[in-house]
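*Asks:* There's a structure below that I have some questions on.
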Amino acid sequence: MASSSLSAKTTGLRTVPARLSRWRAIRKWIAGQEGWVFIFPWVVGFILLDLGPYIFALIISFLNWDVGRPPTYIGLRNYQAAFTDPLVGKSLWNTAFYTLFHVPGSTIIAFTVAGLLNQKVRGMPIWRTMYYIPSVTSGVGMALIWIWLFAPRGALNGMLGWFGIEGPRWLTSTTWAMPALIIMSFWGVGASMVIFLAGLQGVPQHLYEAAEVDGGGWWAKVRHVTIPMMTPYIFLSLILGVIGSFQVVTQALLMTGGGPDNATLFILLYIWIMGWNAFKMGYAASISWILFAIIFAATIVQFLGARRWVYYEYQEPG
Amino acid sequence: MTATTAEAGRRRPIVLRTFRWARRFLLYLIVVGGSFVYMYPVFFMLRTSLTKESDLYVVPPIIVPLPPVWENYSIMWQNGPTWSWMKNSIIVVAFSVVAETITSVSVAYGFARTRFAARDKLFIGVLATMMLPGAVTLIPRWLIFHRLDMIDTLWPLLIPRLFGTPFYIFIMRQFFLTLPRELDDAARIDGASHLQILRKVVIPLSVPAIATIAVFSFMNRWNDFLEPLIYLLRTENLTLAVGLKFFVSRFGTEYHLLMAGAMLLIVPMIVAFFLAQKQFIRGIALTGIKG
């Protein structure tokens, strides 16, 4: 109020500087937009590589587009075909099955290992690195190693042999191929482990001391201090874990090719086969939208559920 | 009640010492044992890559192959255009690490330290692209690059790196928010521009976080499989990660050669990790990655 009446008075008294001050205001506004310069690359990339392609993907999904022939509009027929395609159902089921074991399993393992690595043990940098190395080398290299570990006469069956168990032919067995990929995925928990480790180091020591004063033992401290304080990290790990797990493809492509008998046909692998082997781009795009819808729904459900169990001690600054 | 406590108090030293010793022993056993379980595949790969084919299934298994069979590596190397795969991978990775790091730092600075009306709304866009599945953009991007006649070149693997990567932008922004604002205010009073503040004040304080995203970028691009798989066609144009796919079909059950190939992919990762490890761990601890 005071400032506006003051400016009214000054404009009333001297007109020329008023125009000058408007000019200054514009210049100030321009100066205030300087941030755009910094985020400009992202804005361009967002439009060209994300927003544009999303819209384009939606259009493609309504087309019959075999690369090489001109695309034709077929309405919702790609979606109708996808919903009745038994391999879409199969690959979605496989992906969900993998996620159901991979995400909780690797979160628990990562949390436990992070807890262990947070203890005072000599030579810790060495042990920490050893847990982390398999994650650093994830992807193709690890897939090659596990092809050999899971080989019929490979290391894993050799070890089972010590206990008199005759191991299965892991990667060529319809029963064991999927469990094999899940087991292997537990070696790639390094990233969430490091995030948990960072979180554990931020748990205030006085909370543990308070729990000790109340006579709480080791488990009580984990249960009532560590886990509640770590829920934001666990939540983040679950969210990113589900998103990643629904888009898993490399291992299956290299190790099983989706087989045997489609036992490891993941949804993204099926999209790849439809798009780049069968060149049915429209159909592949419609399946990718179904995958999108599932991941989106899973993320929303987790965010809604988070209110019940995720504990934020204080608001993030900024 | 009081009597038993007193009695326990008298006995405590030995019992407690034994108990504590047992607990520490168990802790070491789990930590060290577990770390060997985790490293086992890597040891096993190294060992197999230096073993004679005839020794692969010997019982009891050979732990250290002596003498090491280095020929496995030369046989593996000559089995494909390995040198050009290596060269392609190095081009993609070197370009990506530099481009992604610079653009992500710049964009993150914009989101953390400058003020303009649409800033926070746009940041939701960054979060969205981080969360939404990239699978949907795979087909349209491929068709766009196809139209631009860039299939079977490295361009589709290089161009998208020029625009900042959402996850790295997110990490850097979170880190910049932890830096005290008084530092830039002081620089601003001295008449520094945003670019000068970024270069002279913010970047020198952010080395661990920048190293973290550079290592992430290096690992992700080096291991990247799906993108080069769909964009590159001719055998000699592939990157190493995709090229090794041919080894799987070509070597079949010649696991000693397959493992030599895997070593080629994994050793640079391990070396890079050790070089950057100190900064890397510190960077992750400092950024406080959290929802």
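The values are calculated or read from the model by the stated rules, or taken from the named source; none is laboratory data. Remember, it's a predicted structure, so these values are computed and weren't measured experimentally. As a convention, Cβ positions derive from the backbone with ideal geometry for all residues, glycine included, and neighbour counts pool all protein chains shown.
*Asks:* Name every residue in segment A:223-235 that is more than 11 Å from every other protein chain (Cβ to nearest Cβ) and of a type in the set (S, T, N, Q), in order of residue number.
*Replies:* A:THR226 - this is the single residue of segment A:223-235 that is more than 11 Å from every other protein chain (Cβ to nearest Cβ) and of a type in the set (S, T, N, Q).
*Asks:* OK, next. When the residues of segment B:169-187 are narrowed to those that are of a type in the set (A, V, I, L, M, F, W, C) and either outside any helix (DSSP H, G or I) or free of Cβ contacts under 8 Å to residues at least 24 places away in the same chain (or both), which ends up nearest to B:GLY125 (Cα to Cα)?
*Replies:* B:LEU179
Yes/no matrix, rows are residues, columns are (1) touching a His at 6+ places or on another chain (Cβ under 6 Å); (2) at the interface with chain A (Cβ under 8 Å from one of its Cβ atoms):
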residue: B:THR51; (1), (2): yes, no
residue: B:ILE75; (1), (2): no, no
residue: B:SER96; (1), (2): no, no
residue: B:SER104; (1), (2): no, no
residue: B:ALA112; (1), (2): no, yes
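*Asks:* Right, next: Can you tell which of A:ARG22, A:ARG122, A:ARG69 is over 33 Å from the mean Cα position of the chain (by Cα), assigned to a helix (DSSP H, G or I) and without any contact (Cβ under 8 Å) to a residue 60 or more places away in the chain?
*Replies:* Among A:ARG22, A:ARG122, A:ARG69, only A:ARG22 is over 33 Å from the mean Cα position of the chain (by Cα), assigned to a helix (DSSP H, G or I) and without any contact (Cβ under 8 Å) to a residue 60 or more places away in the chain.
*Asks:* Also, I was wondering about something else. Within segment B:95-102, is even one residue part of a helix (DSSP H, G or I), farther than 30 Å from B:PRO208 by Cβ and charged (D, E, K, R)?
*Replies:* Scanning segment B:95-102 turns up no residue that is part of a helix (DSSP H, G or I), farther than 30 Å from B:PRO208 by Cβ and charged (D, E, K, R).
*Asks:* How about segment A:1-37: which of its residues are touching a helix residue (DSSP H, G or I) at 6+ places or on another chain (Cβ under 9 Å) and modelled with pLDDT of 55 or more?
*Replies:* Those that are touching a helix residue (DSSP H, G or I) at 6+ places or on another chain (Cβ under 9 Å) and modelled with pLDDT of 55 or more: A:PRO17, A:ALA18, A:SER21, A:GLU34, A:GLY35, A:TRP36, A:VAL37.
This table checks each residue for (1) over 32 Å from the mean Cα position of the chain (by Cα); (2) over 30 Å from A:ARG122 (Cβ atoms); (3) aromatic (Phe, Trp, Tyr); (4) assigned by TED's automatic domain parsing to the domain that holds B:VAL242.
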{"residue": "B:ALA22", "(1), (2), (3), (4)": "yes, no, no, no"}
{"residue": "B:GLY34", "(1), (2), (3), (4)": "no, no, no, no"}
{"residue": "B:VAL42", "(1), (2), (3), (4)": "no, no, no, no"}
{"residue": "B:LYS87", "(1), (2), (3), (4)": "no, yes, no, yes"}
{"residue": "B:VAL92", "(1), (2), (3), (4)": "no, yes, no, yes"}
{"residue": "B:ALA99", "(1), (2), (3), (4)": "no, yes, no, yes"}
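Yes or no, residue by residue, for (1) within 30 Å of A:THR226 (Cβ to Cβ); (2) buried (at least 18 other Cβ atoms within 10 Å of the Cβ):
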| site | (1), (2) |
| --- | --- |
| A:ILE273 | no, yes |
| A:ASN277 | no, no |
| A:MET281 | no, yes |
| A:ALA285 | no, yes |
| A:ILE295 | yes, yes |
| A:ILE300 | yes, no |
| A:LEU304 | yes, no |
| A:ARG307 | yes, no |
| A:VAL310 | yes, yes |
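Each row is one residue, and each column tells you yes or no for (1) within 19 Å of B:GLY110 (Cα to Cα); (2) more than 12 Å from chain A (Cβ to nearest Cβ); (3) in contact (Cβ under 8 Å) with a residue 40 or more places away in the chain.
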position: B:LEU195; (1), (2), (3): yes, no, no
position: B:ILE210; (1), (2), (3): yes, yes, yes
position: B:PHE218; (1), (2), (3): no, no, yes
position: B:TRP222; (1), (2), (3): no, no, yes
position: B:LEU229; (1), (2), (3): no, no, no
position: B:LEU233; (1), (2), (3): no, no, yes
position: B:PHE251; (1), (2), (3): no, no, yes
position: B:TYR255; (1), (2), (3): no, no, yes
position: B:ALA260; (1), (2), (3): no, no, yes
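*Asks:* Also: Can you tell me which residue is nearest to A:PRO260 (Cα to Cα) among those in segment A:167-205 that are assigned to a helix (DSSP H, G or I), touching a residue at least 40 places away in the same chain (Cβ under 8 Å) and β-branched (Val, Ile, Thr)?
*Replies:* A:THR172
*Asks:* Please state which one of A:LEU265, A:LEU238 is crowded, with 18+ Cβ neighbours inside 10 Å, in a helix (DSSP H, G or I) and either within 11 Å of chain B (Cβ to nearest Cβ) or modelled with pLDDT of 90 or more (or both).
*Replies:* When all the criteria are applied, what remains is A:LEU238.
*Asks:* Run down A:LEU253, A:LEU236 and say which single residue is touching a Phe, Trp or Tyr at 6+ places or on another chain (Cβ under 8 Å) and without any contact (Cβ under 8 Å) to a residue 60 or more places away in the chain.
*Replies:* A:LEU253
*Asks:* Any residue in segment A:44-62 that is facing chain B (nearest Cβ under 7 Å) and closer than 15 Å to B:TRP142 by Cα sitting within a Cβ distance under 9 Å of a residue that is among the aliphatic types (A, V, I, L, M) and not in a helix (DSSP H, G or I)? List the pairs, counting only those 6 or more apart or interchain.
*Replies:* A:ASP50/B:LEU132; A:TYR54/B:LEU132
*Asks:* Where the second residue is in a loop (DSSP other than H, G, I, E, B) and the first is within 19 Å of A:LEU160 (Cα to Cα) and lies in segment B:41-59, which pairs have Cβ atoms under 6 Å and are six or more apart or on separate chains?
*Replies:* B:TYR57/A:ARG153
*Asks:* Can you confirm whether A:PHE40 is modelled with pLDDT of 90 or more and touching a helix residue (DSSP H, G or I) at 6+ places or on another chain (Cβ under 7 Å)?
*Replies:* So A:PHE40 fails the test.
*Asks:* Identify the single condition in (1) of a type outside the set (A, V, I, L, M, F, W, C); (2) within 13 Å of chain A (Cβ to nearest Cβ); (3) more than 30 Å from B:THR51 (Cα to Cα) that B:ASP149 does not satisfy, given that it satisfies every other one.
*Replies:* (2)
*Asks:* Another one. With respect to A:ALA285, is the statement that it is within 14 Å of chain B (Cβ to nearest Cβ), within 22 Å of A:TRP176 (Cα to Cα), part of a helix (DSSP H, G or I) and in contact (Cβ under 8 Å) with a residue 24 or more places away in the chain true?
*Replies:* no
*Asks:* Within segment A:215-227, which residues are modelled with pLDDT of 85 or more and in contact with a helix residue (DSSP H, G or I) (Cβ under 9 Å, 6 or more places away or on another chain)?
*Replies:* Listed by number, the residues that qualify are A:ALA220, A:LYS221, A:VAL222, A:HIS224, A:VAL225, A:THR226, A:ILE227.
*Asks:* Go through segment B:188-224 and report how many residues are assigned to a helix (DSSP H, G or I), aliphatic (A, V, I, L, M) and more than 26 Å from the chain's Cα centre (by Cα).
*Replies:* 4
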